[in-house]
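K.L.:
If you scroll down you'll find the structure; I have some questions about it.
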Amino acid sequence: MLEDKNTQKTSLGELGEFGLINHITKYFKVENSSTIKAIGDDAAVLDASEKQTLVTTDLLIEGVHFDLSYMPLKHLGYKAVMVNLSDVYAMNGVAEQITVSIAVSNRFPLEAIEELYSGIQLACESYNIDLIGGDTTSSTTGMLISVTAIGKAEKEEIVYRNGAQETDLIVVTGDLGAAYLGLQVLEREKQVFKVDPKNQPDLDNYTYLIERQLKPEARKDVAGLLKELAIKPTSMIDISDGLSSEIMHICSQSKVGCKIYEDKLPLDPQVISTCEEFELDSTMVALSGGEDYELLFTVPIANFDSIKGNPNFSIIGHITAESQGLNLVTRASQEIELKAQGWNPLKND
C-alpha cells in the first residue's frame, strides 16, 4: 500500500517544547503506586520504599543504533523501552518507571513523534510502566533517544554479575541469533531497494527474525519463573551485545572460567535455515549476534533437575576455575577459546 504523500504534517516549531510534551504525553496513565507524581512538574516524585532502587539508561542514535529506512518509528519507541527494561530484569528486579528524552531534527513533523510515542505508550501499557519525565530538544544530526528505567527489588533478591561459582550451570532463556539475522535480512532488502525501488520484498520466510529485530520483548517473566522453582541465580546479565561478550562479563567480574557447549546453544529453525541461505555459521551468529534481549544466568549445579526440563531455559555449559579460561566445546569435542566479537558501539567501521 502506497504512502499518501499529501497527508498534513505539523511542524514541531508550531507547538514549542512544552506544547509538544503535553501533546505526546497526555494519554499516558499512572499504573504504579510508587509513582506519586509523574509528568507535569519540575521533577517526578517517587515513593521511597524499603526495597532497593535499580536505575539504568541507554542512548540510541540514528545511523548508529537504528536505521529509519526500515525501522518504523512505533517499533523504535517500543524497542527503546525494551532495551532498558531488559537491564532491570537482568538484576532480578521489577521495572516501574521510565524517563524518555529525545532530540530531533526539523525533518521530523509532529506526526512522526506521535508514532514514536505510540510505541513507547504500548510498551508502558504492556509492561505496567509509568512514563514520569524526560526532555525534548533539537538536533542537527537526526534523531537521538535516551531512556532511563527505574526499578525495585528486595535487597536479598538482587542478582549481580559477580556471583558465579565453579561448577555452576550456565543457563540462557529463549533462543539466540534471530535478531542479528533479522537485521541482515533488512539490510539486504535495503540494498535491493536502492537498486530497484519498485521491487517489493518477500519477507514471509523471515517473520520471526524480523520481529526479533524490530520488536524485541524483555524477559519480565523470568524472575517469576525462577521464584516458582525456588531458584536464585548466582549471577545474571541480559544478552544485548552477544552471548560470548556477556559470558565474558560474568566470568571477568566473578573471576572464573567457563565451558560453553556448541550443541547446547538454542537455535530457532528459522535461524538455522537463514544461516544456510546467507552462508553464515549458526554458532557464530548465536555467540556474537546480539540484540536478543534474553537473559544469561548461572545457578548452582544442585538446581539441575529443576532447570533441565523447563522449556523456558537451556543449560548451555558450566563455570570452571579461572585458570581454565573461557572455552567453546565444539560438536567434535574440541575446545576453542571464546572471543568477544559482538556489538561494539565505540567502533566506527
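K.L.:
Restrict the check to region 166-173 and report whether at least one residue is under 24 Å from residue 260 (Cα atoms), in contact with an Asp or Glu (Cβ under 9 Å, 6 or more places away or on another chain) and open to solvent by less than 20 Å² (accessible area, probe 1.4 Å).
P.N.:
yes
K.L.:
Still on this structure, I have one more. I'd like to verify a number: residues in region 248-264 that are in contact with a helix residue (DSSP H, G or I) (Cβ under 9 Å, 6 or more places away or on another chain) and buried (at least 22 other Cβ atoms within 10 Å of the Cβ), how many?
P.N.:
Of the residues in that region, 5 qualify.
K.L.:
I've got another one for you. Suppose the filter is within 27 Å of residue 33 (Cα to Cα) and over 17 Å from the mean Cα position of the chain (by Cα); does residue 49 pass it?
P.N.:
Yes, satisfied.
K.L.:
Another question, then. Restricting to region 301-331, what's the tally of residues that are in a loop (DSSP other than H, G, I, E, B) and more than 20 Å from residue 248 (Cα to Cα)?
P.N.:
5
K.L.:
Tell me which of these residue 342 doesn't satisfy, since it passes every other one: (1) buried (at least 16 other Cβ atoms within 10 Å of the Cβ); (2) assigned to a loop (DSSP other than H, G, I, E, B); (3) at pLDDT 95 or above.
P.N.:
(3)
K.L.:
Right, something else. Looking at region 136-156, which of its residues are outside any loop (DSSP other than H, G, I, E, B) and either open to solvent by 90 Å² or more (accessible area, probe 1.4 Å) or touching a Lys or Arg at 6+ places or on another chain (Cβ under 7 Å) (or both)?
P.N.:
Those that are outside any loop (DSSP other than H, G, I, E, B) and either open to solvent by 90 Å² or more (accessible area, probe 1.4 Å) or touching a Lys or Arg at 6+ places or on another chain (Cβ under 7 Å) (or both): 138, 152, 153, 155, 156.
K.L.:
Is it the case that residue 210 is in a helix (DSSP H, G or I), open to solvent by 10 Å² or more (accessible area, probe 1.4 Å) and farther than 22 Å from residue 127 by Cα?
P.N.:
Considered against the rule, which asks whether it is in a helix (DSSP H, G or I), open to solvent by 10 Å² or more (accessible area, probe 1.4 Å) and farther than 22 Å from residue 127 by Cα, residue 210 comes out as no.
K.L.:
In region 285-333, what count of residues is obtained for those that are among the charged types (D, E, K, R) and surrounded by fewer than 14 Cβ atoms within 10 Å (Cβ to Cβ)?
P.N.:
3
K.L.:
Looking at region 25-58 only, could you name the residues that are aliphatic (A, V, I, L, M) and either open to solvent by 90 Å² or more (accessible area, probe 1.4 Å) or free of Cβ contacts under 8 Å to residues at least 40 places away in the same chain (or both)?
P.N.:
Answer for region 25-58, where residues must be aliphatic (A, V, I, L, M) and either open to solvent by 90 Å² or more (accessible area, probe 1.4 Å) or free of Cβ contacts under 8 Å to residues at least 40 places away in the same chain (or both): 36, 45, 48, 55.
The values are calculated or read from the model by the stated rules, or taken from the named source; none is laboratory data. Every value quoted in this text rests on a predicted model; they were computed, and no experiment measured them. When we count neighbours, we look across all protein chains shown, and the Cβ atoms used for this are built from the backbone with ideal geometry, even at glycine. All accessible areas refer to the heavy atoms of the entire protein, side chains included, with ligands and DNA or RNA removed. Shrake-Rupley method; radii C 1.70, N 1.55, O 1.52, S 1.80 Å.
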